[in-house]
Structures are given as C-alpha cells and as structure tokens.
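Contents: one structure, followed by commentary.
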Amino acid sequence: MKYVLIIAFALSFIVPVNAQESLNSTTTYYLIRHAEKDRNDETNSDPHLNEDGLERAENWSKVFEHIDFDAVFSTEYHRTIETATPTANSKNLEISFYDPRHLYSEEFANETHGKTVLVVGHSNTTPAFVNAILGEQIHEDIDDNDNSCLFIVTISGNNKIDQVLKIN
C-alpha cells in the first residue's frame, strides 16, 4: 500500500508536467501549392509536372534543406506527389496523404501536434487549409499561374501566427 501511495504521489507531478509540455509545444506547418503542371491536355484532371515544375519541386527541397520535418503530406494527385517527393526523399520521410475535402480535421491536428509538417496542395486547397488551421477566412485562392507561395503557420499554445512568402 505504501508503494501505491508513493507512485500515486509521483504521478500527480508527472501529469501536470506533461500537460504543460503539451501547452508549450510548437506546431509549424509549411504549406505550398504543387509546382507547375503539364497543361498540354486540358481534359487530364491528374497531370504530371512539366519541366519547370520538376525544377521547382527540386528547388523546394533546397528551400527546406535546413528544416527538420516530422512529416510530409500531399493530396493523391501526380502533381502534388511529384512536388512533395524531392523534399520527402531528402528528409527520408514517406509521403502521407490527406483528403483535400477534409482539411485540418481534429485527427490531423492531433496527429501533427508539436511537429513540423510540410503540406502540398492546390491553388484552392492550400489557402483553405491555412484558413482552417487559423480558424479564420484570411487567405484567398492562389492564382492558377502562381506556384511560388509558401504559407507558414506556427501554433504555440493558443497563439497562431501565419505568414506568406514568395519563393521563386
């Protein structure tokens, strides 16, 4: 009985520390739109990247060279997967997939809490994903010819900060 009381007493200190760690952890999302896609066949709803897009995808991996990602997420389209692949490969990470119709679900938020995550999406889903994370409608769809936006959202406790960079 004495040991049970000692363990219970010790656990009473551990639980608040873990809860405090959870409050103090930082989650950072880097969200980009896929790189330039092949537009030669307008009927193709799942085109691959064109040469410029393949070059941009490689460039993203260089931009993210010093970022320690815990996960890389992409929609299940050729262009997003091909954009995410160089970065995922450089970090020795598998690409995880998300459904662009269900952005920033509670499950996704819990799975990525306290992590640094790359999310590759589309001209409409990337800003919508950022808005869902922020809980506000701040960002408009990206122009269909703009593949250079980098959205960074940092969550620390109850504070959420976002910024948008143009990387050419």
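The values are calculated or read from the model by the stated rules, or taken from the named source; none is laboratory data. Not measured: the values here are computed from a predicted model. Ideal geometry is used to build each Cβ from the backbone, glycine not excepted, and the neighbour counts take in all protein chains shown.
For T126, the conditions (1) of a type in the set (V, I, T); (2) in contact (Cβ under 8 Å) with a residue 40 or more places away in the chain; (3) in contact with a Ser or Thr (Cβ under 8 Å, 6 or more places away or on another chain) all hold with the exception of (3). Taking the criterion of being within 23 Å of G53 (Cβ to Cβ) and either touching an Asp or Glu at 6+ places or on another chain (Cβ under 8 Å) or surrounded by fewer than 20 Cβ atoms within 10 Å (Cβ to Cβ) (or both), the only residue of the stretch 106-121 that qualifies is V117. For beta carbons closer than 8 Å, sequence separation of 6+ or different chains, a first residue in the stretch 137-151 that is under 13 Å from K37 (Cβ atoms) and of a type in the set (D, E) and a second that is at pLDDT 95 or above and not in a loop (DSSP other than H, G, I, E, B), the qualifying pairs are D146/R33.
Scanning the stretch 49-105 for residues that are exposed (fewer than 15 other Cβ atoms within 10 Å of the Cβ), modelled with pLDDT of 95 or more, more than 12 Å from the chain's Cα centre (by Cα) and closer than 22 Å to I133 by Cα turns up I67, D68, E76.
Within the stretch 124-166, the set of residues being in a loop (DSSP other than H, G, I, E, B), surrounded by fewer than 14 Cβ atoms within 10 Å (Cβ to Cβ) and among the aliphatic types (A, V, I, L, M) comprises I138 only.
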